[in-house]
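Peer 1: I'd like to ask you about the structure that follows.
Bear in mind that the values in this text are calculations on the coordinates, not laboratory data. This is a predicted model, so every value here is computed, not measured.
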Amino acid sequence: MDKREQVFVSSTFVDLRDEREKVIQGLLEADCFPAGMELFPATNDEKWELIQGVIDDSDYYLLILGGRYGSEDDETQLSYTEMEFDYAVKQGKPVMSFVHGAPDSIPVGNTDKDSKKAAKLDAFRDKVQKKMVKPWTAADQLPGYVAQALMKTRKSYPAVGWVRGDQAMTPEMRAEMAELRARIAELEAAKAPAIGPIYADLAGGEDRVEYEFRLTYRSAEGSHQATEYVDTVTWDQIFTALGPRLLHETTEGDMNSTLRAALVKLAEDELTPESVPDDFESLRHIELINTGLTDKARIQLMALGLIERGTQKRTISDKGRYWKLTQVGEDRLMQMKAVRTQDKTSDFPVSREKARIL
């Protein structure tokens, strides 16, 4: 698995801004997730609880110590940097410490002028140096030092780290979860009431419903003419037109356009010389007039238990309405559309040789 460790970066901020940036860049190049005071709010309210939580979630702790002791907590009178170090050690986090090797050379602007803070910094430095530390004197040195220390720490203290969600499970775990999902689906199907028509007297199947369309054509005289017709379609025809589209969730608008196109095609297919006007020369186009049929069809198919509203999770910005087949609808569609084997007792069997000739 592609694992990435989280490293808590602890230091004073203003005087070590450049050093922190270089360390964080080095951690990113080493495929680590850096975490530190940049994440924390400016106020002290519950700040320490937040810091502790981030250290707990981190795999390693990294300290950069320069010439300042840092801001202090009112209650403990310790700097947050020292409190973070003490907490990381207490929690058993592997520590990587980088202490300035020539404190006397640090510019005055980056050192503590307060003698009390300077004394606390000296005591803190002594505490840190009781463990393994790496001295540094220039910010440009830190990325290389961090890479070396991280390599040794990873080898000595392999961490849990973070992994992508799609890599977090082993194949065995995925197989077990698939079995559990299948079992849950079986149990839910067993206890779920069968979905079917809401009322026993609903129109459906071969029952027919009217729809209107406008035929625009070129007359024998060369002019464009239009006439309106009323035709009928069965509910089965409507369902077979919409069913394949609803095998996967689709928008209400897509449903409507699919049904309108199917009705226009049906009207075109049923045109005969007897049904067109006497001056009909050629067809220009056909359009559906009563678009309200699409709403009626959706309500009827829902009442028949063949379709239902979509259930997939979508973004908040997606305001569309989605529809899909129910299990009853899927079964009905398969019954109507699936290809069946030919009757072997047919009076007109066709051999393979004959079929090739035909």
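Peer 1: Taking only C-alpha pairs under 8 Å that are 6+ residues apart, what is the relative contact order of region 208-338 in percent? Walk me through the numbers before you get to the answer.
Peer 2: Values: 175 pairs, mean separation 43.6, N = 131.
It rounds to 33 percent for region 208-338.
Peer 1: Taking amide H positions as placed in the peptide plane 1.01 Å from N, state which residues far from Tyr211 in sequence (5 or more) or on other chains have amide H under 5 Å from it.
Peer 2: Close amide H contacts, sequence-distant or interchain: Asp231, Thr232, Val233.
Peer 1: To continue, here is another question. Where both partners of a DSSP beta bridge lie in the chain, what percent of those bridges are antiparallel, to the nearest 5?
Peer 2: Details: 25 of 42 bridges.
Bridges in the chain are about 60 percent antiparallel.
Peer 1: Here's something else I'd like to know. Roughly what % of Cα-Cα distances in region 1-112 sit above 19 Å, to the whole percent?
Peer 2: Working: 2833 of 6216 pairs.
In whole percent, the share of Cα-Cα pairs in region 1-112 beyond 19 Å is 46.
Peer 1: Provide the per-residue ³J(HN,Hα) series for region 209-221, in order, calculated from phi with Karplus coefficients 6.51, -1.76, 1.60 and θ = phi - 60°, each as a whole number of Hz, with x at glycine and proline positions.
Peer 2: Ordered by residue, 3J(HN,Hα) equals 9, 7, 9, 10, 9, 10, 9, 10, 9, 9, 7, 4, 7 Hz.
Peer 1: Please list the equivalent ellipsoid semi-axes of the chain, computed as the square roots of five times the alpha-carbon gyration tensor eigenvalues, in descending order and whole angstrom.
Peer 2: Details: eigenvalues 1186, 139, 93 Å².
Ellipsoid half-lengths, sorted descending, are 77, 26, 22 Å.
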